[in-house]
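Working notes, beginning with the structure itself.
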Amino acid sequence: MGSPPSHRLTRSPKGAVALYIGLTVPAPRLRFEAAADDPTGGKEIGDPMVRAELNVTIKRPVEEVFATMSDASKNEEWVSGVRETTKTSEGPIGVGTTYHSVGKFLGRRMESDITYTAFEPNRGYAFETTTPFPITATFTFEPVAEGTRVDQTVDAEPGGFFKLAAPLLVVAAKRQFQNDLDNLRDLMEADALGD
């Protein structure tokens with residue numbers, strides 16, 4: 001029997017999408033990088049149990065799409081599970097902006113406090129929430145010939161009831177998030193959102 005594989009501790013960015021567009025996301029994750037003789041390939045500490053990656057193309061300029069999506073107080077107009085979102089911080093939207101949101105997911109009432117951790121106008125933003133469990137969402141925006149491409153990545157570490165329902169959570173979350181993006185596209189392209 002050979003010796004166990006060796007590992008070295010390195011830092012890795014929290015999300016490849018955020019790194020790609022140059023957003024700074026605090027608190028990088030720690031990653032054990034496997035040595036060449038490690039058949040497991042290493043293990044990242046804090047890997048999310050649930051990840052959803054989605055996208056949509058909206059036939060609107062990137063400035064308009066970004067302005068609508070990055071203002072969480074407009075979420076109740078296009079996000080199906082959101083009933084109310086209130087900005088709880090002063091000043092313009094940017095890193096450090098906070099919101100309180102009330103909604104439902106998988107039939108359960110959820111309240112969450114949202115904090116923006118990255119914000120680059122017309123390119124992308126990210127936010128975190130810790131209730132009902134830790135969630136990080138990253139949105140990137142790219143002008144394309146058809147309008148604006150939006151990529152959304154959601155990482156979550158569900159606990160309690162949601163941990164037990166993790167397999168269902170993945171399917172339900174992806175479906176809900178994609179439906180919400182498609183709803184936003186339809187509303188924006190029909191000029192049906194309020195100002």
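Checking Arg175 against (1) in a loop (DSSP other than H, G, I, E, B); (2) free of Cβ contacts under 8 Å to residues at least 24 places away in the same chain, only one condition comes out false. Which one?
Here Arg175 clears every test but (1).
Please indicate, with yes or no, whether at least one residue in the stretch 148-167 is farther than 21 Å from Arg51 by Cα and crowded, with 19+ Cβ neighbours inside 10 Å. Give the steps one after another, and end with the answer.
At the first step, the residues of the stretch 148-167 found to be farther than 21 Å from Arg51 by Cα are 148.
Adding the requirement that they be crowded, with 19+ Cβ neighbours inside 10 Å leaves 148.
Yes: one or more hits.
In the stretch 146-183, which residues are over 13 Å from the mean Cα position of the chain (by Cα), at pLDDT below 95 and among the small types (Gly, Ala, Ser)?
Gly159, Gly160, Ala165, Ala166, Ala172
State which residue pairs qualify: first residue hydroxyl-bearing (Ser, Thr, Tyr) and inside the stretch 62-80, second residue part of a helix (DSSP H, G or I) in any location, beta carbons under 8 Å apart, and separation of 6 or more residues or different chains.
If the second residue must be part of a helix (DSSP H, G or I), the pairs left are Thr68/Lys74; Thr68/Leu184; Thr68/Met188; Ser80/Gln176; Ser80/Asn179; Ser80/Asp180; Ser80/Asn183.
The values are calculated or read from the model by the stated rules, or taken from the named source; none is laboratory data. This structure is a prediction, so every number in the text was calculated from the model and none was measured. Note that each Cβ is placed from the backbone with ideal geometry, even for glycine, and that neighbours are counted across all protein chains shown.
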